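Data block below; observations after.
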Amino acid sequence: MKSTVEKLSPTRVRINVEVPFTELEPDIDRAFKQLAKQVRLPGFRPGKAPRKLLEARVGRGAVLEQVVNDALPGRYSEAVTSSSLQPLGQPEIEVTKLADNEELVFTAEVDIRPEIELPDLTALGITVDPIAVADEDVDTELEALQKRFGTLTGADRAAETGDFVSIDLSATVGGQDVPEAATEGLSHEVGSGQLIEGLDDAIVGLAEGESRVFTTTLVAGEHAGQEAQVTVTVKSVKRRELPELDDDFAQLASEFDTIDELRDDLRGKVGQAKRIQQAEQIRDKAIEVLLEQVEVPLPEKIVQGQVDDTLHNAIHALDHDEDKFADALAEQGSSREEFDADNRSNAEKAVKTQLLMDAIADQLEIQVGQNDLTERLVLMSRQYGLEPQQLLQVLQQNNQLPAMFADVRRGLTVAAVVHGATVTDTEGTVIDTTEFFGPSGEQAEAPAAAEAETGTETAADEETAEDDDVAEAAEASGGADDTK
C-alpha cells in the first residue's frame, strides 16, 4: 500500500491511498467465505459453494463493493499511522479508482491536530484576586445556620416577607381554567422568589383565608409564555423564630462550647471555600493567559459540529420549535443572533482550549494513571447516583471513555502548567498552589468536594476494585477523544 499526504490547511489534510489488488486478496477470500455461508446453492452444503459459482450468482461487482467497504477503515487507519497524523473527527472518504485485479485508490479528507508553537511555560505569570474573609461573610454563614435551627409558630396576622405560608393556587388563561397550574396546600417562604413572578407581592398582606388575584406569565406547560390570571389563597401563616446567637446556640448547632469558637470555625470554612474559588480562578486564568499568548488554528468542521450540537440541544428541549426558542430567548433579553454569536464564540474557545491542552500534554508527557481514571469515575458515579461499575458500563456502551480519558489528561495538564507558573494575587503575594494542584503537577480535587455530595469519605479513600477495568477500557477505547 502507498499513501501520500496533502496539507489543505493547518488543520486539514487529504490522504491519497493506493492499494494493489494483491493486498486485497485476503479480503476477497474472506468476503467469499462469508457469502458462501449466506447463499444456498443446490448440491452444496452451507459454506462449501465454490467461489466461481458464488461469483456467477451474485456478480463480481457486488463482491468487490463489499470488499472495498470492509477494507477502507483498516487501510485508512494504516495510512494515518504511517503518516504520524492525529485526526480529529471522522474522515470524508472517496473512492477515486477501483480497477479489478489492478488497484484500489481512495482519498480521505480529515481534520487533524495542528502544530502549535508553545511558549516557555516556566515563564508563565498568573494573577488572581486575593483571599479576604470579612466579618460579613462569617455573619452570613452564621445566619444561615441560625435559620436551620429556627422554629415555625402560627402567626395571627397578615403574611409578611420571611413568613412561611400554606397556599392554594389556581389559574385561568382567556377565562379558561388551567388544570396543571392548580395546586393545594403548597408550602412557600414569602420573599424567596422561588415560584411564579408576582406571587410574593400578592401574598404579602393576606391573612389566613384571604385571596388575591394577580397577573403573571406562565413559564411551563401547554400555556407557557401566555399571560394568566392567578388566584392565591392563604391557608395558614407561620413566622420563623430564630434562636439567640449565644453559647447555648453554639452547643446546639455544633461541637463547640462557645459562640466565639463557632465563629472561628465558620471563618475557617469560609476561608477554605474562598481558597477553592481562588483555585478555580487560577485554573481559568492559566488557560486564559495561554490562549492570549498562543496562536491555535481552528479546524472549522470540528467547531461547526460543536455549534450544531449546542443548537440542537437547546431547540430539542423545546420540541424543536423555532418560535418557542425565539420566545425563550426574548424572555431572557436575548435574540437568535446573539445566541448564535455566543454559541460560535464558546465553541471556538472550547476547541482552542482542548487543542492547546493536548499539545502541552504531549510536550510535558502527561500520563494518566489508573488512580486518575478511577478517581474521576468515582466522582462521576456519585454525581449521577450510580455505582462506579455501572457508570463504567454506560460509558463503554456509549463510547464515552475516550472523552473521559482526554478530559482527565487535560485536567492534569492544567495542573502541571499552574505548578510550573508563578502565581500571585493582585497585592503581589505569591500563592502556594500545591494544595489544589499538587507538588508533581497532578490536579487535586477541591477538599471534601466528594464528601459534600455524599457525606462520606473522599474518592481517595474509596475501594478501587475498578482500577484495572477503567484503565484497560480507556486504553482499549483509544485513550483520547477526537476533540468533538
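Among residues belonging to region 335-354 that are within 25 Å of Arg113 (Cα to Cα) and of a type in the set (Lys, Arg), point out the one that is surrounded by the most Cβ atoms within 10 Å (Cβ to Cβ).
Lys352
Give region 42-81 a look and list any residue that's modelled with pLDDT under 70, surrounded by 14 or more Cβ atoms within 10 Å (Cβ to Cβ) and either not assigned by TED's automatic domain parsing to the domain that holds Glu94 or not hydrophobic (A, V, I, L, M, F, W, C) (or both), or say none.
Residues satisfying the conditions are Arg51, Glu55.
Considering only residues that are of a type in the set (D, E, K, R) and not in a strand (DSSP E or B), which ones fall in region 73-122?
Initially, region 73-122 is screened for residues of a type in the set (D, E, K, R), giving 75, 78, 92, 94, 97, 100, 102-103, 109, 111, 113, 115, 117, 120.
Those that are of a type in the set (D, E, K, R) and not in a strand (DSSP E or B): Arg75, Glu78, Asp100, Glu102, Arg113, Glu115, Glu117, Asp120.
Residue-by-condition table, conditions (1) surrounded by 12 or more Cβ atoms within 10 Å (Cβ to Cβ); (2) on the phi > 0 side of the Ramachandran plot; (3) modelled with pLDDT of 90 or more:
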site	(1), (2), (3)
Phe405	yes, no, yes
Glu427	no, no, yes
Phe436	yes, no, no
Glu451	yes, no, no
Ala473	yes, no, no
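Please verify whether Thr183 is surrounded by fewer than 16 Cβ atoms within 10 Å (Cβ to Cβ) and closer than 11 Å to Val232 by Cα, treating the condition exactly as stated.
For Thr183, the condition - surrounded by fewer than 16 Cβ atoms within 10 Å (Cβ to Cβ) and closer than 11 Å to Val232 by Cα - is met.
Let me confirm something: among Asp323, Asp308, Asp327, which residue is touching a residue at least 12 places away in the same chain (Cβ under 8 Å), among the acidic types (Asp, Glu) and in a helix (DSSP H, G or I)?
One residue alone meets the criteria, Asp327.
Of all residues in region 393-403 being out of contact with any helix residue (DSSP H, G or I) (no Cβ under 6 Å at 6 or more places or on another chain) and on the phi < 0 side of the Ramachandran plot, which is surrounded by the most Cβ atoms within 10 Å (Cβ to Cβ)?
So, considering only residues that are out of contact with any helix residue (DSSP H, G or I) (no Cβ under 6 Å at 6 or more places or on another chain) and on the phi < 0 side of the Ramachandran plot, the one surrounded by the most Cβ atoms within 10 Å (Cβ to Cβ) is Pro402.
Mind checking whether some residue in region 128-138 is in a strand (DSSP E or B) and under 34 Å from the mean Cα position of the chain (by Cα)?
The answer is yes, given that some residue of region 128-138 is in a strand (DSSP E or B) and under 34 Å from the mean Cα position of the chain (by Cα).
Scan region 291-303 and give yes if some residue there is β-branched (Val, Ile, Thr), touching a Pro at 6+ places or on another chain (Cβ under 9 Å) and either more than 22 Å from Glu348 (Cβ to Cβ) or in contact (Cβ under 8 Å) with a residue 24 or more places away in the chain (or both), otherwise no.
Yes - at least one qualifying residue is present in region 291-303.
Which condition number does Asp257 fail, the rest of (1) touching a residue at least 24 places away in the same chain (Cβ under 8 Å); (2) in a loop (DSSP other than H, G, I, E, B) being met?
(1)
Examine region 215-224 for a residue that is crowded, with 16+ Cβ neighbours inside 10 Å and in contact (Cβ under 8 Å) with a residue 40 or more places away in the chain, and state whether such a residue exists.
Yes: one or more hits.
Consider Ile203 against the criteria (1) closer than 15 Å to Gln146 by Cα; (2) modelled with pLDDT of 95 or more; (3) of a type in the set (A, V, I, L, M, F, W, C): it satisfies all of them except one. Which criterion is unmet?
Here Ile203 meets the rest and fails (1).
Can Gly205 be described as more than 30 Å from Asp323 (Cα to Cα) and within 38 Å of the chain's Cα centre (by Cα)?
Criteria not met by Gly205.
Considering only region 145-171, state which residues are surrounded by 13 or more Cβ atoms within 10 Å (Cβ to Cβ), farther than 18 Å from Gly209 by Cα and of a type in the set (S, T, N, Q).
Scanning region 145-171 gives a single hit, Gln146.
The values are calculated or read from the model by the stated rules, or taken from the named source; none is laboratory data. Since the model is a prediction, treat every value here as computed from it, not as a measurement. Because the Cβ atoms are built from the backbone with ideal geometry, glycine has one as well, and the counts that use them run over all protein chains shown.
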